[in-house]
């Protein structure tokens, strides 16, 4: 008899609390950023297409629909982890086995060899190459995202991907990297 | 100028106060010694023996784990933290407890509570106290077999006899620890706190209980001096800036405050502040155990809160709880609350305060 | 209720939280008068020694310059010129290791002194009150003066603040151990410092001027008191010795109990702080017309037999200073530019001293032992007790190690002044300040990357819109011109297109895909009445490629045969070089392409990348099969086809002309 009373008591308590929770969930719902925008914020916006999608936004949409989160090499492991955290999935290692922390590179056109064909200009997803037909082409370093989509189309193969130079403004306090240690 | 000399690089600041981890821990160890000696004087060589066994076990356990973790053994042992843990645990258990009690306790404290959580600096709970509680809960009989002070003992034991009791459980004459605890009237003696608690449940008032043999009128015989010694050592540590004053003063003030309030409501079943402050492990706990920096709160305001609640818990468990001494439980409970306390007591950074 | 000014005049002082008391070691150099150094053999003057931008270089290599002659001229705001420290010849203007912890190269002017030390023309001003406000500011700027306490803030920018300044604080505190440069300067040149103070007094008109000196410099206090006796406005305040009381924010708190709000400057609360060295330089610049070319530097440490304070020319190599103080390097020697708490180690003694260098320290292992023994944090919070900014260094250290940058910002990492007091007291010898510096650099970079990523996204979107727009315009253009074709004409077009497809000699993946697309279009052609122009554009591009290839082959032949002959004109040369390069690149590409041909096919068939190699192979096989089918289809159509028809606009014709 006691058992039945206990069951009834606990059951009704559970019912009441469940109703309260459900009501609170609906009444106090928080309007958050749609998931696609949140994913897009995390992606590095290089628009390189290495993930297989034409740009970062389409990949963001694909992730929102359940695609793998480990397809973005320029973002590195940090991005994979952040996306995994956001989407609540497991952080698998980067597809294609890229380096842990990708070194940031920018394109550099060897101007002596440029023939002014505008192929790289058409390829650049963020319009970071300045130039016109039969005129010198050059890369705007501030705008270049390092996606290296321009290297392939160049018919004379004059584009290099070079790492950005370290200056006193962006030195990361790595004392080991200082080479000269003379006393004379 | 010698052309062969190379220039060395280091990151600023290049100056250091030379107050290192090992020197800090060593000072605390040295400050414990007067208290150990006083405790030995009143309760027998068992105290020293337990300390030695604890020391050896702690060092061996830590070396073993460091080897498994591929860490450098000697430099890490040099910071004296394992030794300190073992010592504090040894001071908290009955002097004639069997040898395997202290060994199990120390192993648990070092291996599981300290190293398994990540080693020095990463443990959540105070290792010595967690070890003590494991022992208390698992082996209640051995852990509550406290001998009375030397002056009250029926049979006085020499060093070797005590050694024998610890390792075999019996003296050469065949007496067990329980028998040793009995006084001339055949009543088993216990610690002052335990005696008080039992007397209160029997119906005696505090004043009546305090007239017993175990007490000297207002506090436990022997325990009074042990606590005073630990208090003086603790004050020395505060003066040399090894520990901050916030935790001990907060604990003692809070305990004193509660134990003043208690008798105001019902003096018959609540002992006064003087009794509480010098009984059991109060001073040892306040100055040496609760101030363990790794498991205590880090901000000064947080420390005050941490200490205050420990004092409160000590009083509540002593007065209303099932165990006679409560320092270990109070400390462990507050260890759990430390992250919360730290979060809410962050100091206001320069420039972020009210605009003048 | 006393006002703040009255409280200060009464002698009230407040306290900054935290702080440490490292041993002073000032006895090594504090009783020796500042000595002159002989002129060094070489001077390296970096063109930027302050916070801001460098000026335009005025001189060139080989030119003779006089002492005090301007080497650069300011051409932007926050630009401060540098001057020749002595007369001599410019040897070179090149990148040299800079006086920065990284020792990265920065452009410097290398000067070879002629030993004569001839001054250029100076224009001292006897009565600055007669000058305009703007003229005085310009004079300060052109003298090249920047903050000499260590930060290097351009003095003219600070002096021309448009905020009302209540207190001008003269920083003679010098709280760091070992350094006695400001101490001796105040003892020997108090009058010149007061000159500089009076110039600023004239510019800013503060209510009160406070000269702050620590109580371990009694002679300096007396000297400044004597020099400022006649000035009612100036008050000399003695503050207790504690590191880092000399920090700008801490000094303001000690003297006025005000706090500089985070990310703001002291001028925002009506206070201006200047170092005594900077004021001395301002005094010299106005009173004697001298630009900033030398400064007092403490050269000290127990490895020197004759440590002392020296007047060093800006640009002297550290080696010159050390040699003059009888340097005896030991094993594991460190040479530190700056004090022991905030200075940085130098990788070489050939680095020049700059306007912000106040000390060269060459300690032995006993006075400054090398600490390399980091252990785990025990949360003792000695660091939090020592922090003058009331931060929680142990928390910052946990987060910096875990790279949790948002938590670091929440805990106000950027309010850390990097004084090193926390590191000084840490029993676990954790290099706290190093962790913070690395974290700060990472956070700054992250923030910049965030901004860049946002920009990249915008540019991408704008570009996509532009391409869409252009596509639409092209379609519309053709809509207007083309008329609907009859069925006959349609089949003719289809056949022509098919023919063009089959005339491809190389079976590149691109053409295969195009062929497939074409096939699809052919199927839909019956419903459409308009030809799609983009097809023709692609075809055109392919024809161009073909023609170019043909031309290259031809040129290669002629090149091979004409190896011994010199090319007739430059353009031919260039063309052949270009062609050769193109051929090389093409060959490389083809080689690569033939390897990954099948993979490319599969990628174009499916929109997502097939990572599994087996999948790729399968997809490739499918693609190949499809391509074969199409080829067969177009083959059959070819048999029915007629001659090629030139379609398209006049552009086509022009391009084809160029190709030929």
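Wholly within the stretch C:267-373, which strands (runs of 3 or more DSSP E) include no fewer than the required count, namely at least 3 residues that are away from chain B (no Cβ under 13 Å) and on the phi < 0 side of the Ramachandran plot?
Numbers: elements: C:271-275, C:294-300, C:308-313, C:359-361.
Once the strands (runs of 3 or more DSSP E) in the stretch C:267-373 are filtered for at least 3 residues that are away from chain B (no Cβ under 13 Å) and on the phi < 0 side of the Ramachandran plot, what remains is C:271-275, C:294-300, C:308-313.
Every residue in the stretch C:439-465 that is out of contact with any helix residue (DSSP H, G or I) (no Cβ under 7 Å at 6 or more places or on another chain) and within 14 Å of chain B (Cβ to nearest Cβ), please. Listed by number, the list holds a single entry, C:441.
Looking only at residues in the stretch B:80-117 that are surrounded by fewer than 23 Cβ atoms within 10 Å (Cβ to Cβ) and within 14 Å of chain C (Cβ to nearest Cβ), the one that is farthest from residue B:146 (Cα to Cα) is B:117. Of all the criteria given as (1) crowded, with 24+ Cβ neighbours inside 10 Å; (2) over 19 Å from the mean Cα position of the chain (by Cα); (3) assigned to a helix (DSSP H, G or I), the one not satisfied by residue B:350 is (3).
Of the candidates A:59, A:108, A:53, the single residue that is surrounded by 15 or more Cβ atoms within 10 Å (Cβ to Cβ) and in contact with a strand residue (DSSP E or B) (Cβ under 7 Å, 6 or more places away or on another chain) is A:108.
Within the stretch C:103-121, the set of residues being away from chain A (no Cβ under 14 Å) and either at positive phi or in contact with a helix residue (DSSP H, G or I) (Cβ under 7 Å, 6 or more places away or on another chain) (or both) comprises C:115, C:117.
For residue C:386, state whether it is more than 7 Å from chain B (Cβ to nearest Cβ) and more than 27 Å from the chain's Cα centre (by Cα).
Values: more than 7 Å from chain B (Cβ to nearest Cβ): yes; more than 27 Å from the chain's Cα centre (by Cα): yes.
Considered against the rule, which asks whether it is more than 7 Å from chain B (Cβ to nearest Cβ) and more than 27 Å from the chain's Cα centre (by Cα), residue C:386 comes out as yes.
Among the listed residues A:16, A:35, A:42, identify the single one that is within 14 Å of chain C (Cβ to nearest Cβ) and without any contact (Cβ under 8 Å) to a residue 60 or more places away in the chain. Full working, then the answer.
Details: A:16 fails: within 14 Å of chain C (Cβ to nearest Cβ); A:35 fails: within 14 Å of chain C (Cβ to nearest Cβ).
The unique qualifying residue is A:42.
Taking the conditions (1) away from chain C (no Cβ under 14 Å); (2) modelled with pLDDT of 90 or more; (3) surrounded by 17 or more Cβ atoms within 10 Å (Cβ to Cβ) in turn, residue B:30 satisfies each one other than (3). Does residue A:122 satisfy the criteria of being modelled with pLDDT of 85 or more, more than 7 Å from every other protein chain (Cβ to nearest Cβ) and out of contact with any strand residue (DSSP E or B) (no Cβ under 6 Å at 6 or more places or on another chain)? Here the answer is yes, as residue A:122 does meet what is asked.
Among the residues of the stretch B:4-16, is there at least one that is more than 8 Å from every other protein chain (Cβ to nearest Cβ), within 28 Å of residue C:367 (Cα to Cα) and surrounded by fewer than 16 Cβ atoms within 10 Å (Cβ to Cβ)?
To start, the set of residues in the stretch B:4-16 that are more than 8 Å from every other protein chain (Cβ to nearest Cβ) comprises B:4.
Cutting the leftovers down to within 28 Å of residue C:367 (Cα to Cα) gives us B:4.
This time we only want the ones that are surrounded by fewer than 16 Cβ atoms within 10 Å (Cβ to Cβ), so: B:4.
Yes, because at least one residue in the stretch B:4-16 is more than 8 Å from every other protein chain (Cβ to nearest Cβ), within 28 Å of residue C:367 (Cα to Cα) and surrounded by fewer than 16 Cβ atoms within 10 Å (Cβ to Cβ).
Just checking, which of A:74, A:54 is within 10 Å of the chain's Cα centre (by Cα), assigned to a loop (DSSP other than H, G, I, E, B), closer than 25 Å to residue A:123 by Cα and within 12 Å of another protein chain (Cβ to nearest Cβ)? Being within 10 Å of the chain's Cα centre (by Cα), assigned to a loop (DSSP other than H, G, I, E, B), closer than 25 Å to residue A:123 by Cα and within 12 Å of another protein chain (Cβ to nearest Cβ) holds for just one of A:74, A:54, which is A:74.
Of the helices (runs of 4 or more DSSP H) that lie entirely inside the stretch B:189-288, those containing 3 or more residues that are in contact with a helix residue (DSSP H, G or I) (Cβ under 6 Å, 6 or more places away or on another chain) and over 28 Å from residue B:37 (Cβ atoms) span B:246-265.
If a residue counts only when it is in contact with a strand residue (DSSP E or B) (Cβ under 6 Å, 6 or more places away or on another chain) and in contact (Cβ under 8 Å) with a residue 60 or more places away in the chain, which helices (runs of 4 or more DSSP H) contained entirely in the stretch C:374-459 have at least 2 such residues? First the steps, then the outcome.
Working: elements: C:382-386, C:393-402, C:405-410, C:421-425.
Filter on the stretch C:374-459 gives C:421-425.
Against the numbered list (1) within 14 Å of chain A (Cβ to nearest Cβ); (2) surrounded by fewer than 21 Cβ atoms within 10 Å (Cβ to Cβ); (3) in contact (Cβ under 8 Å) with a residue 40 or more places away in the chain, residue C:53 comes up short only at (3). Residues that are within 14 Å of chain C (Cβ to nearest Cβ), buried (at least 16 other Cβ atoms within 10 Å of the Cβ) and without any contact (Cβ under 8 Å) to a residue 40 or more places away in the chain within the stretch B:239-282 comprise just one, B:245. Does any residue of the stretch A:135-143 turn out to be under 25 Å from the mean Cα position of the chain (by Cα), within 12 Å of chain C (Cβ to nearest Cβ), within 23 Å of residue A:76 (Cα to Cα) and surrounded by 17 or more Cβ atoms within 10 Å (Cβ to Cβ)? Scanning the stretch A:135-143 turns up at least one residue that is under 25 Å from the mean Cα position of the chain (by Cα), within 12 Å of chain C (Cβ to nearest Cβ), within 23 Å of residue A:76 (Cα to Cα) and surrounded by 17 or more Cβ atoms within 10 Å (Cβ to Cβ).
The values are calculated or read from the model by the stated rules, or taken from the named source; none is laboratory data. Note that this is a predicted model, so its numbers are computed, not measured. Every residue, glycine as well, gets a Cβ built from its backbone with ideal geometry; the counts of neighbours run over all protein chains shown.
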